[in-house]
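Scroll down for the structure; my scribbles are underneath it.
Computed from the coordinates by the stated procedures, all read-outs in this text should not be read as laboratory data. What you are looking at is a predicted structure, and each value in this text was computed from that prediction instead of being measured. Every residue, glycine among them, receives a Cβ derived from its backbone with ideal geometry; neighbour counts consider all protein chains shown.
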């Protein structure tokens, strides 16, 4: 039997405003293209529209930077008010110089600028923070789609990140609901009966990366996609699932390698 | 117009032996499932079958470890003969301890154990090295498919890698032919006319990650996939394209961040 995964772009969502119901926008956009959502579909949604719908827009002209923010701003030659916003979402500054501000966010995600974003947001001093809790955002959208269609889909909130060692950003999963983000192959044998060396597959991150192939960046205006046909998907109603994708320093085999 | 990308698993390739013609195996496997290859398709092939077809299998029982290999083996508690094999493919040992041996390979790729692999290879002391030059391997397969079918496909050689900061391995592109691996958004504006913050998309790595969704690991026996419908693909006949995905230490904004 041929195994086929389809990635379907939803490009009729339009501009998203604070308090918009993202579940409804997704169901309507799918309907406008005569696509019926189905059980086991994974709906991948760009962080940007979640942040907008949840009103995570901050006008930096109203921000009073702390002493620490001013000091980092001086060293990194960035706007102290932007640094202040980043610090408010972080619990560790991992690296701060002219090249980059790498932080560990309060939710555990290690990324540049705490995921703060300027692009696709209207207004010169307006910045978009990441959703308050991306797993909860994903669960809300999943529940909303269930109510509107009766279908039990899984949901990923995806965001674009730079990677160590590699050129080019890809989409990562920053929040999810409805399925196990990691496939655990421990104890499995390969075709020859040997124990597999690779133990965990970053399934949710692969799905997020795959979704970018139709979502594109910025100008394309396709902030969501449906990924269909994933034979290895394992459903769960557990919460806080994105934490399973985060490595602490102590468990990171690349620690001190860059 | 709905944008759809399809990822089609080729699961009729069977076991690959040294000197097998991988182009023909791919074309035959597609044919057996009544799939016609088409221009602009990207064929993603697992490194494992390329290494096998190219005879990159080494029996470590015949390897004489160097002094450096013995010293690292002692520190890392690994087999000195395996370390010797890894060193032969590397030009820098980035990290060597009980957790991990991270090297920069001669081709520039930073990875664990120089990509040396035990799984899916028959024989207790047999290890599979990465292909000698994965870009050339990709180009050969591309040319072979062109001759057999007349179609101008692009080809990715993919391998499974651990990532800093994140749990779970994903597929990366270690060799490619026929298309630009990075999409360059510098100078592009977003929906609101702002310059985009994200400049480069790791397109080839996204395609490799997407292919794993049907290729699976080990037991699945689907060592290749066709990725179809990529509207942003830009063809090129340039060589050495995988180099565009590699960041040197100096350009890596995560340098000293782990």
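Could you pull the copy-to-copy label distances for residue A:98, with points set 7 Å along Cα to Cβ, in nm to one decimal and sorted shortest first?
List, nearest first: 4.2 nm.
Decide, for the stretch B:57-129, between rounded, prolate and oblate: order the square roots of the alpha carbon gyration tensor eigenvalues as a ≥ b ≥ c, take rounded if a/c falls under 1.5, and otherwise choose prolate if a/b is larger than b/c, else oblate. Working shown, then result.
Working: a/c = 1.59, a/b = 1.21, b/c = 1.32.
It is oblate, given that a/c is not under 1.5 and a/b is not larger than b/c.
For the residue pair residue B:147 and residue B:99, what label-to-label distance in nm results when each label sits 7 Å from Cα along the Cα-to-beta-carbon direction?
Once both label points are built, they end up 4.7 nm from each other.
Take the Cα atoms of the stretch A:95-145, find their three principal axes, and give me the spread along each one in whole Å, biggest first.
43, 29, 12
If r is the Cβ-Cβ distance from residue B:12 to residue A:75 and R0 is 35 Å, what FRET efficiency results, to the nearest 0.05? Write down the numbers at each step before the final one.
On the way: r = 58 Å, r/R0 = 1.65.
The formula returns an efficiency of 0.05 here.
Could you list B:93, A:42 so that the one with the fewest beta carbons within 10 Å of its beta carbon is first and the one with the most is last?
On the way: B:93 16, A:42 28.
So the residues, fewest neighbours to most, are B:93, A:42.
Mark the label point 7 Å from the Cα of residue B:38 along Cα→Cβ and return the residues of the stretch B:199-238 whose backbone N is within less than 15 Å of it.
It comes to B:226-233, nothing else.
Which value, to two decimals, describes the C-alpha radius of gyration of the stretch B:1-79 once divided by 2.2 N^0.38 Å? Intermediate results must be reported in sequence, preceding the final value.
Numbers: Rg = 19.7 Å, N = 79, 2.2 N^0.38 = 11.6 Å.
Ratio of Rg to 2.2 N^0.38 Å for the stretch B:1-79: 1.70.
What are the distances, in nm and sorted shortest first, from the label point of residue A:243 to the label points of the same position in each other copy, with each label point placed 7 Å from Cα along the Cα-to-Cβ direction?
Once sorted, the set of distances for residue A:243 reads 4.6 nm.
Return P(r) of the stretch B:40-174 (all Cα-Cα pairs; 5 Å bins starting at 0; whole %; ordered from short to long distances).
Per 5 Å bin, starting at 0, the Cα pair percentages come out as 2, 10, 18, 21, 19, 14, 8, 5, 3, 1, 0.
Place a label point 7 angstrom from the Cα of residue B:132 along the Cα-to-Cβ direction, then list the residues of the stretch B:6-36 whose backbone nitrogen is under 16 Å away.
Counting only backbone N, you get B:18-22.
Compute the convex hull volume of the Cα atoms of the protein assembly as shown, divide it by the residue count, and report the result per residue in Å³ as a whole number.
Values: hull volume 72.8 nm³, N = 516.
Spread over its residues, the Cα hull of the protein assembly as shown gives 141 Å³ apiece.
Using the Cα gyration tensor of chain A, with a ≥ b ≥ c the square roots of its eigenvalues, what is the shape: rounded (a/c below 1.5), prolate (a/b larger than b/c) or oblate (neither)?
Values: a/c = 2.14, a/b = 1.23, b/c = 1.74.
Cα axes put chain A in the oblate bin.
Within 10 Å of each Cβ in A:153-165, how many Cβ atoms from other chains are there, averaged over the peptide? Write out the running numbers ahead of the final one.
Working: counts 0, 0, 0, 0, 0, 0, 0, 5, 4, 8, 11, 11, 18.
Mean partner shielding for this stretch: 4.
Find the centroid of the Cα atoms in the stretch A:74-146 and in the stretch B:92-120, then give the distance between the two in whole Å.
For the stretch A:74-146 versus the stretch B:92-120, the Cα centre distance is 32 Å.
Can you list the copy-to-copy distances for residue B:67, using a point 7 angstrom from Cα toward Cβ, in nanometres, shortest first?
Those separations, rounded to one decimal, come out as 5.5 nm.
For B:100-111, what's the mean count of beta carbons from other chains sitting within 10 Å of each residue's beta carbon? The partial results should precede the final answer.
Numbers: counts 5, 1, 7, 1, 1, 0, 0, 0, 0, 2, 6, 1.
Taking all residues of B:100-111 together, the mean is 2.
Within 10 Å of each Cβ in B:5-16, how many Cβ atoms from other chains are there, averaged over the peptide? Mind showing how you got there, number by number?
Details: counts 12, 6, 9, 5, 7, 2, 3, 1, 0, 0, 2, 0.
Rounded to a whole number, the mean comes out at 4.
Residue B:186 versus residue A:1, label points 7 Å from Cα toward the beta carbon: distance in nm?
Result for the modelled spin labels: 4.8 nm.
What is the fewest-to-most order of A:205, B:79 by other Cβ atoms lying within 10 Å of their Cβ? Intermediate values should be presented prior to the final figure.
Values: A:205 26, B:79 16.
Exposure proxy ranking, most exposed first: B:79, A:205.
In percent, how large is the relative contact order of chain B, given Cα pairs closer than 8 Å and 6 or more residues apart? All intermediate terms of the calculation are to be shown ahead of the outcome.
Details: 490 pairs, mean separation 64.6, N = 258.
Across chain B, relative contact order equals 25 percent.
Could you tell me the calculated FRET efficiency between residue B:232 and residue A:234, based on Cβ-Cβ distance and R0 = 35 angstrom, to the nearest 0.05? It would help to have the intermediate numbers written out before the result.
Working: r = 31 Å, r/R0 = 0.90.
Efficiency, rounded to the nearest 0.05: 0.65.
Under 8 Å for C-alpha pairs, at least 6 residues apart: give me the relative contact order for the stretch B:57-129, rounded to a whole percent.
Values: 119 pairs, mean separation 21.0, N = 73.
Normalised by residue count, the contact order of the stretch B:57-129 is 29 percent.
Please order A:213, A:116 by the number of other Cβ within 10 Å, starting at the fewest. Working shown, then result.
Values: A:213 28, A:116 24.
Ascending number of Cβ neighbours within 10 Å: A:116, A:213.
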